[in-house]
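The values are calculated or read from the model by the stated rules, or taken from the named source; none is laboratory data. Computed from a predicted structure; not experimentally measured. No Cβ is skipped: glycine too gets one built from the backbone with ideal geometry, and neighbour counts run over all protein chains shown. Note: areas computed on protein heavy atoms with side chains; ligands, DNA, RNA excluded. Shrake-Rupley method; radii C 1.70, N 1.55, O 1.52, S 1.80 Å.
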Amino acid sequence: MCGIVGYIGQPRRAEEIVDILSLLEYRGYDSAGISGINDDGCKIIKEVGSISNLRKKIPQQWSVTNAIAHTRWATHGASTLQNAHPHQSLDKKWIIVHNGIIENYKELCSRISACANISPNSRGGGTDTQILIEYIANKNIDTFEDFVKLFQDIKGSYAIICQNTQKPNELYIAKKNSPLYIASDKDNNIFLASDPVCFSKYTNVYKTFNDNEFAHIHDQKIFIVDSELRPIIKESSKLKDDFVEQTKLDYAHFMLKEIYEQPDALRRQVDFYKEQKILSKFNSDFLSRFNQIKLVGCGTAYHACMIGVKYIENILSIPASAEIASEFVYNTNVFEPKRTLYIFVSQSGETADTIKALNIQKEKGATCIALTNVAYSTLSQQADYCLPICAGPEVSVASTKAYTCQLSALYLFANALKTNEDLEKAYNNIVELSTKLFDFNIETADKIAEYISSKRDAVFIGKNFDFVTAREGALKIKEITYVNANACPSGELKHGYLAIVEEGTPLVVVATDEELNSKVFNSSSEAVARGAVEIVISTDDHECKYLIKLKKINPLLMPMLSIVPIQYIAYKASILKGINPDKPRNLAKSVTVE
Ligand code: M6R
């Protein structure tokens, strides 16, 4: 994962480079660092933990003309200062920031003499990036051409920016399977970053690096080539929004803000879809090209896929399935790939497993739709069609508004494939739904949060749509409260999960379907008989310790409503445990490694 930044131009306060880097913190926050060059030479500052820790170490007067910076999510090697980027070669000549994984780093290590000090097996335990920069140094590279040729030896994924301390006006860049963007402002200052939003304060026109492209920046000129050193002229793209300031406004955390933004986000999506006629190409003729639909994603996006399957099957009566991207890449036997429509669901559009699954299916000639929140993301660029979700930037690691917007996009999409009339009704349904999202008792939710936060385990159950909500709810609780929350279909409780239940175990029962509720409550009573404490989210009255009563609405829309109290409970429980819900331990917002 990780995020990288590069700068070369007029003297600029290093703090400003750190500000740019902080917009990439969603890609990891295990450690951060910057290497800056000015007339006094080169200085590297790093710190473990979030970028705010690094910021404290940056001298106010430090101004730089050439800088590279990095925020890390540890893949190889622990989250220590030693493993933080930028890394400098032992001969002090080369400095690197790298996003991705060098797969053959052990082999590279065995080929260089400096290996004893930095080997992955040495006490220092060199990371893949440390070995790569040593490899570069050992190859005695003199020219940019040598740099490009050296990458014939490198296997893996990388977005790399290198400084050469002997050439303070230059940067060397390589990119494969990790995003990288470049831009220059009106004063010809050059910016590089893993996300163009980072430099949108300076310019909203940028260029996208494709895989196996390399760049040399020297004397404020950008020279881009392919792996055969053939020059490449690149088209510029424009960021749609101006600088999207990531501020919490008056909210204590991004997660809380994002939970409360859901009504607006849903309405914005409807307006945008109508104005831009986003769904006009997805009609019954389009659908007739396919005999099945597969939805692919990870984590919360996978849960959106599970609901999407139910929309497609209920509304269109065509077979559909939800696939976990990291597993689906091993599924070689898709029946009639050319008659299969794929929808790849991803908030970031940068999730490595989802991108890999898309590439595999594209090679087989399948039609691929990317349903993402980031219009310029890799997934959006590689798919045949894009379905934007219009949630606006989601900063908190825990996905909330992106999930409800993914569900609404899938609901609108399925209706569009049926008839125009159905689509119009669906638009109205979403707008009406958006007014009801917070019609639940907040005091009860606060009490539930207090109860769950005091426990080690929790079990979530539900049936059909409600089972998916139970899964998504359990994931929210797990990732930001560290309570071991597990979800199962209520019918599965006595096939294993019941063993977890002991005196006081929270049992979150999602029961919003009149026809199924009695069955769900039958299962929950078996857990209550063994000491579980029922926390019920239901459209029905039910005698229990905690009840969040929801209004009865169209069952297809219910998953967008019933998840909101659980998101809120997870947030509150996280705060009670002293956890920062925006940056839970061990996780990152964007998962760009397999
Ligand atoms: O960016 P994506 O939607 O592809 O991310 C997929 C998952 O990593 C993500 O949904 C994750 O499960 C969330 N942190 C859950 O809240």
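Worth pointing out:
- Test: residue in region 431-447 that is part of a loop (DSSP other than H, G, I, E, B), within 14 Å of the ligand (Cβ to nearest atom) and either on the phi > 0 side of the Ramachandran plot or surrounded by 16 or more Cβ atoms within 10 Å (Cβ to Cβ) (or both): no
- Single residue of region 393-415 satisfying the filter (more than 13 Å from the ligand (Cβ to nearest atom) and of a type in the set (S, T, N, Q)) that is surrounded by the fewest Cβ atoms within 10 Å (Cβ to Cβ): 415
- Just one residue in the set 483, 431, 459, 468 is in contact (Cβ under 8 Å) with a residue 12 or more places away in the chain, within 16 Å of residue 300 (Cα to Cα) and within 27 Å of the chain's Cα centre (by Cα); that residue is 468.
- Looking across 259, 232, one residue alone is of a type outside the set (Lys, Arg), over 21 Å from residue 362 (Cβ atoms) and either in contact with an Asp or Glu (Cβ under 9 Å, 6 or more places away or on another chain) or open to solvent by 70 Å² or more (accessible area, probe 1.4 Å) (or both). It is 232.
- Within region 342-368, being over 14 Å from the mean Cα position of the chain (by Cα) and not hydrophobic (A, V, I, L, M, F, W, C) holds for 342, 356, 359, 361, 362, 363, 364, 365, 367.
- Across region 277-309, the qualifying residues are those that are assigned to a helix (DSSP H, G or I) and touching a helix residue (DSSP H, G or I) at 6+ places or on another chain (Cβ under 6 Å), and the one among them that is farthest from residue 560 (Cα to Cα) is 287.
- When each of 272, 191 is tested for being open to solvent by 40 Å² or more (accessible area, probe 1.4 Å), outside any loop (DSSP other than H, G, I, E, B) and of a type outside the set (D, E, K, R), the lone residue that passes is 272.
- Among the residues of region 64-87, those identified as farther than 16 Å from residue 1 by Cβ and out of contact with any helix residue (DSSP H, G or I) (no Cβ under 7 Å at 6 or more places or on another chain) are 65, 66, 68, 80, 81, 82, 86.
- Any hit, region 558-565, residues being outside the structural domain of residue 75 (by TED's automatic domain parsing) and surrounded by fewer than 17 Cβ atoms within 10 Å (Cβ to Cβ): no
- Residue count for region 581-594, restricted to those that are touching a Ser or Thr at 6+ places or on another chain (Cβ under 9 Å) and either surrounded by fewer than 18 Cβ atoms within 10 Å (Cβ to Cβ) or of a type in the set (Ser, Thr, Tyr) (or both): 3
- If the condition is being polar (S, T, N, Q), within 17 Å of the chain's Cα centre (by Cα) and under 19 Å from residue 464 (Cα atoms), then region 289-341 contributes only 300.
- The residues in region 74-88 that are open to solvent by less than 60 Å² (accessible area, probe 1.4 Å) and over 12 Å from residue 45 (Cα atoms) can be counted, and the count is 7.
- For region 296-318, filtered to residues that are open to solvent by 10 Å² or more (accessible area, probe 1.4 Å) and away from the ligand (no atom under 16 Å from the Cβ), the residue that is nearest to residue 379 (Cα to Cα) is 309.
- Matching residues, region 480-496, being away from the ligand (no atom under 14 Å from the Cβ) and among the aliphatic types (A, V, I, L, M): 483, 493
- Residue that is surrounded by the most Cβ atoms within 10 Å (Cβ to Cβ), among those in region 459-479 that are more than 16 Å from the ligand (Cβ to nearest atom) and of a type outside the set (Val, Ile, Thr): 462
- Within region 35-69, the residues that satisfy the criterion of being among the aliphatic types (A, V, I, L, M) and under 29 Å from the mean Cα position of the chain (by Cα) are 44, 45, 48, 51, 54, 58, 67, 68, 69.
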